[in-house]
Amino acid sequence: MPSHPVESVAAGSVAERAGIRPGDRLRSINGESIRDQIDYLALSQKSSLRLVWETDDGSSTALIRKRKDEPLGLTFGESMRLKPKRCANRCVFCFVDQLPDGMRLSLYIKDDDWRMSLIMGNYVTLTNLSDAEFERLLRRRASPLYLSVHTLNPELRARMLGCSRGGELDARLRALCERGIRFHAQIVMCPDWNDGAALDETIAGLLSYIPNAQSVAVVPVGLTRHRAGLDALRPVDRETARRTLDQIRRWQRVSRERTGSSFVFAADELYIKAGEQIPNDAEYEDYPQIENGVGLLRRFAMEYEEAWREGNRCAATDRTPQRRRVIVATGVDAAPFLRELIGRFPVFADVTVRAVVNRFFGETITVAGLLTGRDLAEQLADVSADEILIPGSALNADGLFLDDWTLKRLRDELSVPVRTVGSSGESLYACLCGSDEPIIGG
């Protein structure tokens, strides 16, 4: 049975009162071995616990009672940290397979780990775990999960995922429902593969899993120019986007009649490709799929408008002696939306929104978060402004763009000061006003 070294014990905690000390090794809780942090958190939530641990003098046991969900107070080292499990699928739409050569190695790592789905909201296929590991998932009642469904047609899903186990999803969804586990689903919609009648079949099938099925997001496939040797896919065009939105709206009506919720939602990118307005706030309900780009622009606009109405500090010329010239650099998709938003709620600055074309990945990639330092540098080299604002989502936690440019390198390349904008509408408003508020990326 594995054991895990204790790094620290919180003062006054349940674990300290039980006699556990730093350097001891936790072996089991209620007779169950502990594989990782998921096991530890799930098992330690109960109010009645039997702990077994090892000390330098041998094995110790304690029977304790505590409030349910009261933490034990233990922290652990490397042995308890989650190491994401690699994905063995060969999905026809996989973005990692569409990356150019020569990028940093971490970008080529694929993961498909239900634990990351539970903790971080990552989407998983449920094909890269054994029957024993799936049983552990059920036993831990991991909820909610975020599932990459794409289609409920077994043969089509196996083909799209490049994995024979792709066709086993229905049985696993039924098992989740039997244990009361909730899930959110995503459909990466690939024209001529899982759109049209196949999409109708998938949405209808997912509706049957309500209430365990919480929501569904339909997201258009993203295709870079680096697809040599990969399956032939075509991008979502305006006609396909409009047809798909019509399908989604039909299913929303069906779902609202049955459940009171729209249930299925379209990514913002589909509305942009269709040339349609982003829906109003009420249509997104509680924004269950916002991390999937569903309602992101609507919430951003609401945050910006609220900040504008509450402060509007930029409109007062006595506070801003000189009118600044600001360039807002963003992706092709968001540029028209931001122009309209800033036009309706102007600030005391001359603002120009510049759409930066993604030449690194290809012009079919139009989202702001995938812009690279090189594209920004080349396409903003001619600007004349007091400041350039760029999306902070284009940089990782280490301050690197996807092409390994740093923010410092971009600033050195351009003759204009560059600042990153956070993901909220308030951040954009603050930056346009010249405020020093919470900007990311250094």
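What to note about this one:
- Looking at L270, L233, L297, L223, just one residue is surrounded by 15 or more Cβ atoms within 10 Å (Cβ to Cβ), in a loop (DSSP other than H, G, I, E, B) and in contact with a helix residue (DSSP H, G or I) (Cβ under 9 Å, 6 or more places away or on another chain), and that residue is L223.
- Test result for S255, more than 30 Å from L371 (Cα to Cα) and either touching a residue at least 24 places away in the same chain (Cβ under 8 Å) or of a type in the set (V, I, T) (or both): yes
- Any hit, the range 61-80, residues being surrounded by fewer than 17 Cβ atoms within 10 Å (Cβ to Cβ), in contact (Cβ under 8 Å) with a residue 24 or more places away in the chain, closer than 30 Å to S8 by Cβ and in contact with an Asp or Glu (Cβ under 8 Å, 6 or more places away or on another chain): yes
- Tally of residues being open to solvent by less than 40 Å² (accessible area, probe 1.4 Å) and either at pLDDT 95 or above or assigned to a loop (DSSP other than H, G, I, E, B) (or both) across the range 430-440: 3
- Condition met for A267 (farther than 26 Å from A335 by Cα and hydrophobic (A, V, I, L, M, F, W, C)): no
- Residues of the range 236-265 satisfying the condition of being outside any helix (DSSP H, G or I) and under 15 Å from I203 (Cα atoms): S261, S262, F263, V264, F265
- For the range 41-96, the set of residues classified as in a strand (DSSP E or B), closer than 23 Å to M116 by Cα and of a type in the set (F, W, Y) consists of F76 only.
- When restricted to residues that are part of a strand (DSSP E or B), out of contact with any His (no Cβ under 6 Å at 6 or more places or on another chain) and not hydroxyl-bearing (S, T, Y), the range 26-40 contains 3.
- Residues in the range 348-365 that are at pLDDT below 95 and either polar (S, T, N, Q) or within 19 Å of R411 (Cβ to Cβ) (or both): T364 only.
- Filter result for A204 (small (G, A, S), modelled with pLDDT of 95 or more and open to solvent by less than 20 Å² (accessible area, probe 1.4 Å)): no
- Qualifying residue in the range 14-24 (condition: under 32 Å from the mean Cα position of the chain (by Cα) and part of a loop (DSSP other than H, G, I, E, B)): no
- Considering Q186, Q214, Q247, the condition of being at pLDDT 95 or above, in contact with a helix residue (DSSP H, G or I) (Cβ under 9 Å, 6 or more places away or on another chain) and over 30 Å from Y108 (Cα atoms) is satisfied by Q247 alone.
A quick yes/no check of all residues on (1) small (G, A, S); (2) open to solvent by less than 60 Å² (accessible area, probe 1.4 Å):
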residue: Q98; (1), (2): no, yes
residue: G102; (1), (2): yes, no
residue: D112; (1), (2): no, yes
residue: G121; (1), (2): yes, yes
residue: E133; (1), (2): no, yes
residue: R136; (1), (2): no, yes
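- Answer residue from the range 38-60, given it is among the hydrophobic types (A, V, I, L, M, F, W, C) and within 21 Å of P144 (Cα to Cα) and is most open to solvent (accessible area, probe 1.4 Å) among those: L41
- Flag not set for G222, criterion: of a type in the set (G, A, S), farther than 18 Å from V149 by Cβ and within 19 Å of the chain's Cα centre (by Cα).
- Pairing residues of the range 129-150 that are within 25 Å of A204 (Cβ to Cβ) and of a type in the set (V, I, T) with residues that are open to solvent by less than 40 Å² (accessible area, probe 1.4 Å) and in a helix (DSSP H, G or I), at Cβ distances under 7 Å and at least 6 apart in sequence or on separate chains, gives V149/L169; V149/T202; V149/L206.
- Evaluated against (1) over 24 Å from A142 (Cα atoms); (2) among the charged types (D, E, K, R); (3) assigned to a helix (DSSP H, G or I), E7 falls short on exactly one condition, (3).
- For the range 14-27, a residue qualifies if it is buried (at least 17 other Cβ atoms within 10 Å of the Cβ) and closer than 13 Å to L72 by Cβ, and the qualifying residues are V14, A15, A18, I20, D24, L26.
- Screening R179 on (1) open to solvent by 50 Å² or more (accessible area, probe 1.4 Å); (2) at positive phi shows it passes everything except condition (2).
- When residues of the range 273-294 are limited to those that are among the polar types (S, T, N, Q) and open to solvent by less than 70 Å² (accessible area, probe 1.4 Å), the one farthest from S393 (Cα to Cα): Q289
- Listed here are the helices (runs of 4 or more DSSP H) enclosed by the range 302-420 that have at least 3 residues being open to solvent by 70 Å² or more (accessible area, probe 1.4 Å): 334-344, 407-413.
The values are calculated or read from the model by the stated rules, or taken from the named source; none is laboratory data. Note that the coordinates shown come from a computational prediction; the quantities given were computed from them, not determined experimentally. In this analysis, Cβ positions are derived from the backbone assuming ideal geometry, glycine residues included, and neighbour counts consider all displayed protein chains. The area values use the complete protein model at the heavy-atom level, side chains included, leaving out ligands, DNA and RNA. Shrake-Rupley method; radii C 1.70, N 1.55, O 1.52, S 1.80 Å.
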